[in-house]
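This report refers to the structure that appears directly beneath it.
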Amino acid sequence: MTLALRSIDPTTYARAVLPLTEPLWAAGRDFETYVRHTLELARSGYGRSHYSTVGLYDGAALCASCKCYEREIRIGDRTLKTVGIGAVFTPHELRGRGYGSAMLAALMDREHAAGSDALYLFSDISPTFYETLGFVAFPSRVFSLRADDLPHARMTIKQATSEDYAAIRRLFSRHERLRPWSFKRTPLFWEWLYLRTRHGSEHPGGDVLTFVLREGTRVDAYVTGVRSPAHDSFIVDELGIRDERERDFIAPFLRSAAGDLRRIVGWLPPEPIRRMLPRGSIRRRKDAIFMVAPLSRAGHAWVRSSSGTGIGDPVWSTDHI
């Protein structure tokens with residue numbers, strides 16, 4: 001057996017892998033749409049520069065595959081190079097032979113040699129599997145609020161338009177600069193995020209909406225999420241406010257965004273937004289658990305200083321891959 005890690009071009013990946021992963025990750029889309037969306041992402045500006053698909057081959061046979069996403073992390077004035085891993089998949093008939101583990105180990109060796117500081121992923125299976133490969137689990141929580149318990153205020157919120165995007169990005173960047181570390185969001189990544197949002201792959205049960213609280217041309221707050229009548233919930237993906245001194249806006253703003261839905265739920269946000277949320281229930285999340293495998297000295301120092309701190313998620317659900 002001669003195993004080798006190789007890149008898979010987007011067309012080959014669509015032909016060889018997507019028919020097998022459709023039941024897992026098509027998220028309610030028909031197969032043709034699933035393929036089209038996957039290729040659109042691969043051929044986008046971010047996709048051409050920072051996204052790839054790789055596979056572990058035994059000769060000509062593809063034994064396991066995954067997607068790779070290059071992201072930079074800001075830690076103060078320093079920058080770390082990281083690679084996200086998603087859609088880790090082994091064909092059913094080849095499972096139990098260690099191909100997935102071998103692929104991830106080979107990928108870690110490749111990225112270490114290339115100068116990457118860490119790999120990360122969002123685990124939907126037991127974290128123990130990834131811990132044996134050197135990944136460390138970060139806090140992963142969800143919050144829940146009763147909309148009726150939140151104060152009501154007279155405010156007019158509207159769905160965001162393209163004219164609001166620049167202001168939303170500024171609000172996001174302002175909060176991220178206040179955090180000990182965060183993923184950098186380049187213009188290419190923002191375009192990638194908007195494309196994935198239009199695809200609806202993260203929330204197959206509803207349309208993603210962004211609401212803004214606007215005073216004239218000034219955006220004072222925004223929230224991105226999904227109104228899900230099936231769960232009687234507004235699912236928050238991302239939240240920002242212009243001025244922390246106006247944090248009292250957040251509770252009535254979320255209540256307005258929820259409409260007539262009973263609950264407001266989501267990943268427990270990173271700081272500083274986490275401490276601005278109204279008090280509600282918090283519990284551990286059992287899926288999409290953020291995990292990191294450090295590869296360099298700087299990567300190890302980052303994980304040691306960050307993995308055991310805080311109770312909220314260190315990233316937004318919009319960073320999920």
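The values are calculated or read from the model by the stated rules, or taken from the named source; none is laboratory data. Predicted model, so just to flag it, every value in this text is computed and none were measured. Reconstructed Cβ throughout: ideal geometry from the backbone, glycine too, with neighbour counts over all protein chains shown.
What the table shows:
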read-out	value
Test: residue in the range 150-165 that is under 19 Å from the mean Cα position of the chain (by Cα) and crowded, with 19+ Cβ neighbours inside 10 Å	no
Condition met for Val223 (outside the structural domain of Phe290 (by TED's automatic domain parsing), β-branched (Val, Ile, Thr), under 22 Å from Leu261 (Cα atoms) and in a strand (DSSP E or B))	yes
Failed item, numbered, when Trp25 is tested on (1) without any contact (Cβ under 8 Å) to a residue 60 or more places away in the chain; (2) under 19 Å from Arg198 (Cβ atoms)	(1)
Yes/no for Phe234 being hydrophobic (A, V, I, L, M, F, W, C) and in a helix (DSSP H, G or I)	no
Condition met for Arg174 (surrounded by fewer than 20 Cβ atoms within 10 Å (Cβ to Cβ), of a type outside the set (A, V, I, L, M, F, W, C), out of contact with any Gly (no Cβ under 8 Å at 6 or more places or on another chain) and farther than 13 Å from Ala147 by Cβ)	no
Residue count for the range 20-59, restricted to those that are exposed (fewer than 14 other Cβ atoms within 10 Å of the Cβ) and within 19 Å of Gly100 (Cβ to Cβ)	3
Single condition Pro229 does not satisfy, out of (1) in contact with a Leu (Cβ under 9 Å, 6 or more places away or on another chain); (2) touching a residue at least 40 places away in the same chain (Cβ under 8 Å); (3) more than 28 Å from Ala105 (Cβ to Cβ)	(2)
Matching residues, the range 292-321, being surrounded by fewer than 16 Cβ atoms within 10 Å (Cβ to Cβ) and hydrophobic (A, V, I, L, M, F, W, C)	Ala301, Ile311
Residue within the range 5-21 that is under 19 Å from the mean Cα position of the chain (by Cα) and charged (D, E, K, R) present	no
